[in-house]
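Read the structure below first, then the notes.
The values are calculated or read from the model by the stated rules, or taken from the named source; none is laboratory data. Everything numeric in this text was worked out from a predicted model, so none of it was measured. In this analysis, Cβ positions are derived from the backbone assuming ideal geometry, glycine residues included, and neighbour counts consider all displayed protein chains.
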Amino acid sequence: MERLRGSLPKLKEKLLEALKAVLPIIGIVLVLCFSVAPISPSILLCFLLGAVMIVAGMMFFTLGAEASMTPMGERVGTAVTRSRKLLVMIVMGFLLGVLITISEPDLQVLAGQVPAVPGMVLILSVAAGVGVFLAVALLRMLLGVALPPMLVGFYLVVFALAFFVPRDFLAVAFDSGGVTTGPMTVPFIMALGVGISAIRNDRHAADDSFGLVALCSIGPILAVLALGMIFRPEDGAYTAPVLPEIADSVELWALFRSGLPTYIKEIAVSLLPIVALFGVFQAVSLRLSARMLKKIAVGLVYTYIGLVLFLTGANVGFMPAGNYLGQVMAGLELPWIIIPVGMVIGYFIVKAEPAVYVLNRQVEEITDGAISSTAMGASLSIGVAASIGLAMVRVLTGISILWFLIPGYAIAIVLSFFVPKIFTAIAFDSGGVASGPMTAAFLLPFAQGACAAVGGNIVTDAFGVVAMVAMTPLIAIQVLGMIYTARQRSGARAQPAPALSFDQLDDDAIIEL
């Protein structure tokens, strides 16, 4: 009972955070519904009940991720690198990447929307891609290799392959890079980076603790591009989501109740590999105390409940609302209005992504508050707003996604040579983090509905929203890094430098002086 009383203030804090994230989205949708985009009472009620479940799910997930996924990832990361055997670390990195990716619920959603490729083939290919690149990311951290040159090389390969793949696979391939770094993967991988960096004693270790998500996002893109050379896109067709029709509150609850067992099973299957892997590490090398294990177990229960509620609310309540709202908005006399409306929704919806909270909190902790979660949140919101605006332009015009992605990634990679290393790593991590279940469950159906209303090709023009959301934060966060650096320099000029003894100056400081 005392433990429950002690956790109530924490639950209240997480509830307020969830309400701040979700209430703006509810407000925007309600304003649209009662003005320019009327929707049926059935869809509106599903959306509102879905919003309640999302708020509750975010509250439990964020509390659980702190207590379970983060300490598990940190300790496994430390254990993996403690052996100092390179082959062991590469193999373990690959296995961790595969298991964590198979555990990602968003990957199941993506597999269901690519009918030209068998679901299990897609899942295993993407998981193998993440496994390879997680092993590469671990090696980069241990050897202290700079991130920007690696990103240049890998993205050159990605865009070179893109010209040999059918157009119908392009958007889905780039979407897969964002979808696979979701609420299950990000907390564990980011904590893994912190645990591995703890082994290193140099002053750049904290900077290199970021960048794992960035590299892991490239593997799925390459995997799906490779599949695009094997499978024919005409073998499958897009299936629109079914819009609900309910007569009363009993039918409303029955609709959500029928979806709950699916996600109860799905999240259980998703968590099982991670729990089993942690159990092996605990038996072999970790040997944590019973008190710590109890805390992690309670955290896992919170994480499980949170993800079940969140995904049920997002997929059953938000998905049909997003699709129908997109249809209505694009069917108006002035369909271009969908661009500013999409930007406003994008600005607020990224705040409701569970993994964004984990990233912002970890950035603030690693940098000792120098990069605040508020500044990170604002930069991500601006980036996602811009990406949704560009995605709506694609929906209305049918412009190829490469006309946006190639210049966008080129700008991001050029910026990476002019900002501090830590901002580049955080920026490329944030791209994968921002494109999570809220994007897949609301913004992607929103784009699909709009595309159907204007008579576009849904596979080539509507898919790609996740990819656009994953791209623009790369630029926004690095611009934040440039502003941060400029302020530091102006502050340093305004204050006299403290006197330092020769022993206190490291090599870099001597060179600067």
Just the residues that are at pLDDT 90 or above, surrounded by 15 or more Cβ atoms within 10 Å (Cβ to Cβ) and among the β-branched types (Val, Ile, Thr), please, taken from segment 137-177. 158
Examine segment 6-13 for a residue that is in contact with a helix residue (DSSP H, G or I) (Cβ under 8 Å, 6 or more places away or on another chain) and surrounded by 18 or more Cβ atoms within 10 Å (Cβ to Cβ), and state whether such a residue exists. no
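Please determine, by comparing only the residues of segment 33-87 that are part of a helix (DSSP H, G or I), more than 28 Å from the chain's Cα centre (by Cα) and of a type outside the set (D, E, K, R), which one is nearest to residue 263 (Cα to Cα). Talk me through it step by step, then tell me what you get.
Taking segment 33-87 first, the residues part of a helix (DSSP H, G or I) are 33, 41-82, 86-87.
Right, trim to more than 28 Å from the chain's Cα centre (by Cα) and you get 33, 41-42, 82, 86-87.
Cutting the leftovers down to of a type outside the set (D, E, K, R) gives us 33, 41-42, 86-87.
Values: 33: 29, 41: 25, 42: 22, 86: 38, 87: 37 Å.
My answer is 42.
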Can you run down the residue pairs with Cβ atoms below 7 Å, 6 or more apart or on separate chains, where the first is in segment 402-428 and among the hydrophobic types (A, V, I, L, M, F, W, C) and the partner is outside any helix (DSSP H, G or I) and crowded, with 21+ Cβ neighbours inside 10 Å? 422/210; 425/210; 425/211; 426/210; 428/211
Among the numbered conditions (1) farther than 24 Å from residue 180 by Cβ; (2) aliphatic (A, V, I, L, M); (3) crowded, with 21+ Cβ neighbours inside 10 Å, tell me where residue 393 comes up short. (3)
Working only within segment 233-263, note down all residues that are within 28 Å of the chain's Cα centre (by Cα), at pLDDT below 65 and either under 12 Å from residue 316 (Cα atoms) or loosely packed, with under 15 Cβ neighbours inside 10 Å (or both). 237, 239, 240, 241
Subset of segment 274-294 [surrounded by fewer than 17 Cβ atoms within 10 Å (Cβ to Cβ) and over 27 Å from the mean Cα position of the chain (by Cα)]: 280, 283, 284, 285, 287, 288, 289, 290, 291, 292, 293, 294
Across segment 145-183, what is the number of residues that are free of Cβ contacts under 8 Å to residues at least 60 places away in the same chain, over 14 Å from residue 226 (Cα atoms) and in a helix (DSSP H, G or I)? 3
When segment 460-491 is checked residue by residue, the ones that are surrounded by fewer than 21 Cβ atoms within 10 Å (Cβ to Cβ) and in contact (Cβ under 8 Å) with a residue 60 or more places away in the chain are 479, 482, 484, 485
The condition from (1) surrounded by fewer than 22 Cβ atoms within 10 Å (Cβ to Cβ); (2) of a type in the set (A, V, I, L, M); (3) more than 19 Å from residue 190 (Cα to Cα) that residue 388 misses is numbered (1)
Residue match in segment 382-400 (condition: in contact with a Phe, Trp or Tyr (Cβ under 7 Å, 6 or more places away or on another chain) and either modelled with pLDDT under 90 or closer than 19 Å to residue 19 by Cα (or both)): no
Cβ-Cβ under 6 Å, sequence separation 6+ or interchain: first residue in segment 211-227 and part of a loop (DSSP other than H, G, I, E, B), partner buried (at least 24 other Cβ atoms within 10 Å of the Cβ). Which pairs? 211/425; 217/177; 217/181; 217/432
Is at least one residue of segment 312-332 of a type outside the set (A, V, I, L, M, F, W, C), outside any helix (DSSP H, G or I) and touching a Pro at 6+ places or on another chain (Cβ under 8 Å)? no
